Amino acid sequence: DIKLVVAHTHNHLDHVAGDTQFQNQPYTTVVGTSVNEVSQFFQLDNWPNNIGTYTLDDQRHLAIIPIPGHENSSIAIYDCATGILITGDTLLPGRLYIQDFSDNVESISRLVNFIESSRLNVTSILGAHIEMTQENKVDYPLGSTYQPNERQLNMSLEQLYQLNNELQQQWKDGFNQRHKAYYDTFIVDPNSSQLPPLPFDGRMSVHGFVLLPLDTPNSVWISHKPMFTTPHDFQLSFHAIITNSTVDPVPLPTNITRLNSQWTIQPDKWSLNNLINGNLTSFRTKLYKGNFEQGGTYLCDVTINIIRPLLTVVQLNASEIQPYQPLRYSSYFLSNLIVDKRTQIHLYLLHQIRVQPDFDAITHVTIDPANCTTDISSSQLNNLLEQNGNEWAFPGIDNDIGDRLTRASGLVSAQLLGDIYSTICEMKVVEEIQCTIGPDFYEDCSV
Ligand SMILES: [Zn+2]
Ligand SMILES: [Zn+2]
């Protein structure tokens with residue numbers, strides 16, 4: 001009879017979800033997941049400062065090193081028999097999500113000190129996931145279920161030192177300089193609550209937006225016209241309600257099966273940071289049919305009342321590259337129609353901008369849920385498809401301007417990312433509503 005101990009590197013659902021199958025089994029101990037339970041089981045007094053030893057047998061000991069930061073109860077495990085250091089989600093080939101930055105700085109430094117002062121022979125560092133591609137600095141999107149050509153799992157002390165140096169440097173530079181950092185084999189990604197807020201009244205400018213109708217009168221979907229440089233360096237989209245129009249009713253189409261146009265708004269000067277932070281709740285603007293930068297027609301003045309939470313907020317950074325393949329768009333629900341007894345879910349797709357020059361494209365597609373494969377029921381599928389901000393990848397289609405989705409694409413197969421139900425749908429491209437070429441997104445894609 002062999003005793004089995006089930007312990008965890010930390011208390012995240014993807015690491016503890018299998019516990020129930022071990023609970024109440026003979027000769028089996030399932031270690032709890034709170035800081036108290038972990039420190040009690042491994043006899044770690046004065047958490048997180050002391051390092052514990054767990055004895056497997058006379059010859060084999062494990063060192064248990066508390067490393068809170070990714071999660072409160074995170075530990076690393078060093079096996080003296082093999083020289084393997086297990087780091088859970090704290091160091092792995094992928095994105096290192098940091099829930100508590102200062103805890104994380106201390107934890108990594110404590111881990112490095114322990115290795116150096118004990119002169120440990122670390123043969124390999126094993127994290128709990130592989131999320132990097134074989135291309136340096138490029139990871140798979142969160143929730144990908146297909147990761148061909150992923151990077152190898154094992155890492156070395158060199159990478160632990162890289163992480164430690166990065167964290168020490170950012171700690172010295174102070175809170176206001178804290179940022180994501182891209183290394184060949186991992187990405188330091190502090191939780192947004194751990195990053196400095198956008199300064200009040202920052203990014204003051206005339207910000208242009210594309211505005212598209214939804215299927216309820218006066219409700220619209222709005223997308224910022226971005227650039228890679230400040231003050232326009234955000235891909236940003238949100239829902240809003242139009243009030244106080246100088247023309248009544250607001251001259252937007254009510255039949256949205258095909259739009260054949262875009263609408264744009266050009267408000268007065270204000271701070272994009274304030275919009276993102278919630279200090280700006282509504283604004284007055286001119287509404288145009290077509291692109292106001294390219295000879296659009298003025299329609300009326302309206303008040304835009306922003307609905308929170310915002311649907312998309314992605315900062316475009318000229319120096320921190322985040323390329324990806326294949327083609328990828330986010331989707332926003334437009335309407336659910338029954339045409340000839342078949343369901344037609346209409347969506348707006350927004351191309352995800354990441355690397356210069358890139359392109360800012362908005363496309364109108366439909367999905368017949370009958371043309372999806374998924375593990376869930378049809379009503380659950382409808383709810384899933386109607387969510388805003390779903391990310392879709394188009395396997396086999398390159399992420400470049402010449403291969404983007406247009407009416408000529410016809411039917412395309414799309415994989416819903418981050419979806420545990422393995423949903424793949426056929427999409428029909430109804431129309432491309434707008435497309436401009438980066439890095440300044442002024443020129444039209446078709447030119
Ligand atoms: Zn985790
Ligand atoms: Zn702007």
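Label positions at N317 and T246, each projected 7 Å from the Cα along the C-beta direction, are separated by 4.2 nm.
Relative to its Kirkwood radius, the Cα radius of gyration of region 328-437 gives an Rg/Rh of 0.95. Our note on the geometry: Cα centres of region 429-447 and region 288-365, 11 Å apart. Helix 157-173: angle to the longest alpha-carbon principal axis of the chain, degrees 0 to 90, nearest 10? Once rounded, the angle reads 60 degrees. For region 270-276, putting each phi into the Karplus relation 6.51 cos²θ - 1.76 cosθ + 1.60 with θ = phi - 60° gives couplings of 7, 8, 5, 4, 5, 5, 5 Hz, in residue order, rounded to whole numbers and with x for Gly and Pro. What separates the Cα centres of region 1-49 and region 151-176 is a distance of 28 Å. Which net charge results when you count Lys and Arg as +1 and Asp and Glu as -1 among the other residues whose beta-carbon is under 15 Å from that of L4? Summing Lys/Arg as +1 and Asp/Glu as -1 gives -2.
Under the simplified labelling scheme, the A370-S219 pair shows an inter-label distance of 2.7 nm, with each label point 7 Å from Cα along Cα→Cβ.
With charges set only on the Cβ (+1 for Lys and Arg, -1 for Asp and Glu), what does the dipole of the chain come to about its Cα centre, in debye to the nearest 20?
Values: 25 positive and 48 negative charges, 183 e Å.
It comes to approximately 880 debye.
Per-residue Cβ neighbour counts within 10 Å put K269, K137 in the sequence K269, K137, beginning with the fewest.
I'm a student and want to see the number: the projected area of the Cα convex hull of the chain, averaged over all directions, in nm².
Mean orientational projected area (the chain, Cα hull): 24.9 nm².
FRET efficiency for E386 and S34, Cβ-Cβ distance as r, R0 = 51 Å, nearest 0.05? Efficiency for this residue pair is about 0.85. Across region 311-317, rounded Karplus estimates of 3J(HN,Hα) from the backbone phi angles (6.51 cos²θ - 1.76 cosθ + 1.60, θ = phi - 60°) give 8, 9, 9, 10, 7, 9, 10 Hz, Gly and Pro being marked x. Backbone phi angles across region 101-113, fed through the Karplus curve with coefficients 6.51, -1.76 and 1.60 (θ = phi - 60°), yield HN-Hα couplings of 5, 5, 4, 5, 4, 5, 5, 5, 5, 5, 5, 5, 4 Hz in residue order; Gly and Pro are listed as x. Here r is the Cβ-Cβ distance between A17 and R308 and R0 is 25 Å; the resulting FRET efficiency, rounded to 0.05, is 0.20.
Available extension along the chain between D184 and Y298 is 36.2 nm, counting 0.36 nm per residue and deducting the alpha carbon span. Rounded to 0.05, the FRET efficiency of the D340 and I401 pair, given R0 = 45 Å and the Cβ-Cβ distance, is 0.85. With the simple model of a label 7 Å out from the Cα in the direction of the Cβ, T281 to Q325 spans 4.8 nm. Decide, for region 291-375, between rounded, prolate and oblate: order the square roots of the alpha carbon gyration tensor eigenvalues as a ≥ b ≥ c, take rounded if a/c falls under 1.5, and otherwise choose prolate if a/b is larger than b/c, else oblate. The shape class here is oblate.
With point charges of +1 on the Cβ of Lys and Arg and -1 on the Cβ of Asp and Glu, referenced to the Cα centre of the chain, which listed residue (S245, L316, T133) lies farthest in the positive direction of the dipole? The one lying farthest along the dipole's positive direction is S245. Over the chain, DSSP H runs of length four or greater, each weighted -39,500 (n - 2.57), average out per residue to a 222 nm ellipticity of -4000 deg cm²/dmol.
Sequence gap at least 6, Cα distance under 8 Å: using those rules, report the relative contact order of region 1-92 to the nearest whole percent.
The normalised contact order for region 1-92 reaches 23 percent.
Rule-based calculations on the coordinates, nothing more; no lab input. Quick caveat: nothing in here was measured; it's all calculated off a predicted structure. Don't worry about glycine lacking a Cβ; one is built from the backbone with ideal geometry, like all the others, and counts go over all protein chains shown.
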